[in-house]
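The values are calculated or read from the model by the stated rules, or taken from the named source; none is laboratory data. If you're wondering where the values come from, they're calculated on a predicted model, not measured in any experiment. Glycine also receives a Cβ, built like all others from the backbone with ideal geometry; neighbour counts cover every protein chain displayed. Only protein heavy atoms, including side chains, enter the accessible area calculation; ligands, DNA and RNA are left aside. Shrake-Rupley method; radii C 1.70, N 1.55, O 1.52, S 1.80 Å.
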Amino acid sequence: MKDIFDNVQFGDLKLNSRIVRTGTWETETSEGGFLTPDIYDRYEKIASSGTGLIVSEMFALDHKDRFYPYSTNMNYRGFIKDYQMVTDIAHKYDVPIFGQLAFFYYDDGENQKVESNDIAQEGIRKLQAEVIMAAKKFSFAGFDGIQINMGNNFYLARFMNPYFNQRDDKYGGNTENRVRISAEIIKVIKKTMDIHVSCRINPWDARKDGMTADESIAIAKELEKAGADSIQLTARTISQIYDKGEKHPFLVYVEKLIDAVDIPVVLGGSLRDMKTINDVLNSSTVEYISMSKPFVAQADFLADWKANSEGVSVCQSCNNCYSKKTSTCFKF
């Protein structure tokens, strides 16, 4: 029988549980981007409570990005010093930690919001260099890996999606070409740095001529071939894993994906109680579960779950922490 608090292997990393904490927004920084005591306290609670792996709040590349005001900042003077303290906190409890990079827009030097069809190959090289440099900064700050957010509607998700990308060069057309921009980034990171590379992707979207489940699996296989160490699933429309006692289509998809690749796959979703999570683990091939909003509502809730062998998150799924772009809960 699998349990969320099993000690497990995650690629080359050892985890103290199957739970992956995934961050979203960071709004508690002080002027200039420096971290406040509240942020260190939050990471202490998350790391000490039984979390297996921490994925940071989102970092953006450009101060003009759509979500930059709500994201963490890696371009201020104290970044290395501040985040070495964060990663030290995680490592004190033997918890690996990744820096999450997510950008909605990209400025190629000529167009602040250049899209996949319009960016020249010189702009693609500039983008790739900036992502690789971000990975190097994460490495300097003590992060064990980088998670590149290629899901939701972020820039690289749109680049890989046939709905948005109609290029007729080597960065457009078939799956391999649309993934090439990301695959080349991964290859350089893996060749030059000793860090884990995790890719966050969508299972599908609802657009006509957009990404299908089969296409998403093909994308994951291309990312694995390039050297990605793990895949984490995300989507704006994830609801419950179970629906009237039947398997949710998202869970059916993730089992197909797990079967198609040889790297760890993390399932995300609106999972809020220990029993349901263990039911998912023991009725499927899923090994790892990502949670986000429950950690906003109560950063150390896993400690109670572990002590009591049961538990339900106080998160009410009100979505205010997401919609209002804050790192705090509006109910607790």
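Nearest 0.05, what FRET efficiency do K92 and T328 give at R0 = 30 Å with Cβ-Cβ as r? Once rounded, the FRET efficiency stands at 0.80. Stretched out straight at 0.36 nm per residue, the stretch from S317 to F140 would grow longer than its current Cα-Cα span by 60.2 nm. Amide H to amide H distances under 5 Å link V266 with I231, Q232, L233, where only residues 5 or more positions off or on other chains count and H is placed in the peptide plane.
Remark: region 82-89, residue by residue, has Karplus-estimated 3J(HN,Hα) of 4, 7, 5, 5, 5, 5, 4, 4 Hz, where x stands for each Gly or Pro and the curve is 6.51 cos²θ - 1.76 cosθ + 1.60 at θ = phi - 60°.
Backbone phi angles across region 303-317, fed through the Karplus curve with coefficients 6.51, -1.76 and 1.60 (θ = phi - 60°), yield HN-Hα couplings of 4, 5, 4, 5, 5, 9, 6, 6, x, 10, 5, 6, 4, 9, 6 Hz in residue order; Gly and Pro are listed as x. FRET efficiency for the pair N75 and A303, taken as 1/(1 + (r/R0)^6) with r the Cβ-Cβ distance and R0 = 35 Å, rounds to 0.55.
Using Cα pairs closer than 8 Å and at least 6 residues apart in sequence, work out the relative contact order for region 196-239, in percent.
Numbers: 48 pairs, mean separation 24.1, N = 44.
Across region 196-239, relative contact order equals 55 percent.
The simple spin-label model puts a point 7 Å past each Cα toward its Cβ; for K64 and E130 those points are separated by 0.9 nm.
Tell me, what is the per residue accessible area of the chain in Å², probe radius 1.4 Å? Each step should come with its number before you reach the end.
Working: 14430 Å² over 332 residues.
That works out to 43 Å² for each residue.
Note on region 188-329: Kirkwood radius taken over Cα pairs, Stokes-Einstein applied at 20 °C and 1.002 mPa s, translational D equal to 129 µm² s⁻¹. The order of Y43, Y68 by accessible area, most exposed first and with a 1.4 Å probe, is Y68, Y43. A convex hull fitted to the Cα coordinates of region 103-179 yields 96 cubic angstrom per residue.
Taking every alpha-carbon pair in the chain and binning the separations at 10 Å intervals from zero gives 6, 27, 37, 24, 6, 0 percent. Size of region 15-160: Rg and Dmax of its alpha carbons, in Å, are 15.6, 47.
Normalised by the number of residues in the chain, the mean separation of alpha-carbon contacts (under 8 Å, six or more apart) gives a relative contact order of 17 percent.
Calculate the FRET efficiency for R167 and D214 from the Cβ-Cβ distance with a Förster distance of 25 Å, rounded to the nearest 0.05. The formula returns an efficiency of 0.75 here.
Here the contact order of region 100-160, divided by its residue count and restricted to Cα pairs under 8 Å and six or more residues apart, works out to 46 percent. Could you tell me the center-to-center distance, by alpha carbons, between region 5-59 and region 126-187 in angstrom? Centre-to-centre (Cα) distance: 23 Å.
Share of carbon and sulfur in the accessible area of the chain stands at 47%, probe radius 1.4 Å.
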